[in-house]
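Sharing a structure here in structure tokens format.
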Amino acid sequence: MMMLPGKTWPEDRMSRGQTEVLGLLIALTSLLLLIAAAGKDCWRQGAKDQLTSVGLSFRCRGLWGECVHDSLVGLRTCDVSVSYMENLPADLLAMRVALVGMCVLSVLSILIMIPGLRCTTLIPSGLAQGRLLQVSGALCLCGGVCGAAGLLWYGVDTYTTYRLEATLGMPGITFEFGLSYWLMLGSVLCSLTSAVLAVSSVSRISDAIRMQPKSAHSQPAQTDMLPQSTSNDKTYI
């Protein structure tokens with residue numbers, strides 16, 4: 001029987017199962033936030049400050065194009081890049097790679113995590129389930145690091161550009177962080193949290209497996225003592 005010190009087997013199994021299910025839910029939340037960020041495609045939006053000369057329109061700059069919403073007439077026009085091979089800024093390319101890479105890694109981690117859950121019977125071996133959770137946690141970690149790197153690069157460029165325009169007092173259109181940026185930031189945090197939960201669950205399984213030989217050796221020792229006690233019995237007439 002595999003169990004952790006201080007816990008009975010049902011309690012330990014339940015705690016591991018709850019941790020794994022929570023990790024799966026957080027991973028799904030991370031993927032949904034990532035899809036919402038990509039669908040919204042508003043990574044930079046027009047800042048509402050004294051430098052903005054256009055107050056009747058809302059400008060939203062995304063990774064694949066730029067849209068302007070005219071609140072006076074209620075029209076929305078978008079300018080989409082004709083070719084994806086054109087010369088683009090480095091921060092925009094980095095953000096595209098981070099978005100696509102994190103989306104792929106998130107989907108793979110969820111597909112690998114589901115058969116590795118203790119509450120599923122797709123794989124009967126507990127050791128194999130622990131290895132799947134380990135791989136899934138590694139993929140979540142890689143996806144979170146990839147997304148964080150893209151967000152950092154894109155965020156630093158956005159902030160420095162805004163501070164430069166604000167310092168020089170250049171009238172026109174200044175940009176700040178858009179909704180998609182914050183959605184992906186939440187997705188990165190959820191992905192890293194899911195990775196931590198998966199790794200902690202794997203460590204519990206490893207501790208339980210290491211304790212199994214000790215309990216297995218203790219049982220034969222008790223059974224070997226039984227014949228010795230019966231062999232010393234003597235019958236007197």
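Using beta carbons and a limit of 8 Å, which pairs, at least six apart or on different chains, have the first residue in region 112-138 and closer than 13 Å to LEU22 by Cα and the second one hydroxyl-bearing (Ser, Thr, Tyr) and not in a helix (DSSP H, G or I)?
Every condition considered, the pairs that remain are ILE114/THR120.
In addition: So is LEU127 at pLDDT 85 or above and either part of a helix (DSSP H, G or I) or not aromatic (Phe, Trp, Tyr) (or both) or not?
When the stated conditions are applied, LEU127 does not pass them.
Still on this structure: If only one of LEU122, LEU105 is closer than 30 Å to SER201 by Cβ and not in a helix (DSSP H, G or I), which one is it?
Numbers: LEU105 fails: not in a helix (DSSP H, G or I).
After ruling out the rest, the residue left standing is LEU122.
For region 168-183, state whether one or more residues are out of contact with any Phe, Trp or Tyr (no Cβ under 9 Å at 6 or more places or on another chain) and closer than 14 Å to SER106 by Cα.
Within region 168-183, none of the residues are out of contact with any Phe, Trp or Tyr (no Cβ under 9 Å at 6 or more places or on another chain) and closer than 14 Å to SER106 by Cα.
Which of the residues belonging to region 162-181 are part of a helix (DSSP H, G or I), open to solvent by 60 Å² or more (accessible area, probe 1.4 Å) and more than 18 Å from LEU63 (Cα to Cα)?
Those that are part of a helix (DSSP H, G or I), open to solvent by 60 Å² or more (accessible area, probe 1.4 Å) and more than 18 Å from LEU63 (Cα to Cα): ARG163, LEU164, THR167, LEU168.
Please verify whether region 45-53 includes one or more residues that are closer than 26 Å to CYS190 by Cβ, modelled with pLDDT of 85 or more and surrounded by 17 or more Cβ atoms within 10 Å (Cβ to Cβ).
Yes, region 45-53 has at least one match.
Matching residues to (1) in contact with a strand residue (DSSP E or B) (Cβ under 9 Å, 6 or more places away or on another chain); (2) part of a helix (DSSP H, G or I); (3) modelled with pLDDT under 85:
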position: SER136; (1), (2), (3): no, yes, no
position: GLY147; (1), (2), (3): no, yes, no
position: GLY155; (1), (2), (3): yes, yes, no
position: THR160; (1), (2), (3): no, yes, no
position: LEU183; (1), (2), (3): no, yes, no
position: LEU189; (1), (2), (3): no, yes, no
position: ALA198; (1), (2), (3): no, yes, no
position: SER201; (1), (2), (3): no, yes, yes
position: LYS214; (1), (2), (3): no, yes, yes
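Could you please tell me which pairs satisfy a Cβ distance under 6 Å, a separation of 6+ or placement on different chains, a first residue in region 50-77 that is under 30 Å from LEU99 (Cα atoms) and small (Gly, Ala, Ser), and a second residue that is at pLDDT 75 or above and assigned to a loop (DSSP other than H, G, I, E, B)?
GLY62/ASP41; GLY62/CYS42; GLY62/TRP43
Check CYS60, CYS103, CYS67 and return the single one that is at pLDDT 85 or above, surrounded by 15 or more Cβ atoms within 10 Å (Cβ to Cβ), farther than 21 Å from GLY147 by Cβ and not β-branched (Val, Ile, Thr).
The unique qualifying residue is CYS67.
The values are calculated or read from the model by the stated rules, or taken from the named source; none is laboratory data. Computed from a predicted structure; not experimentally measured. So basically every Cβ, Gly included, is an ideal-geometry build from the backbone, and we count neighbours across all protein chains shown. To get the accessible areas, we keep the full protein, side chains included, count just its heavy atoms, and leave off ligands, DNA and RNA. Shrake-Rupley method; radii C 1.70, N 1.55, O 1.52, S 1.80 Å.
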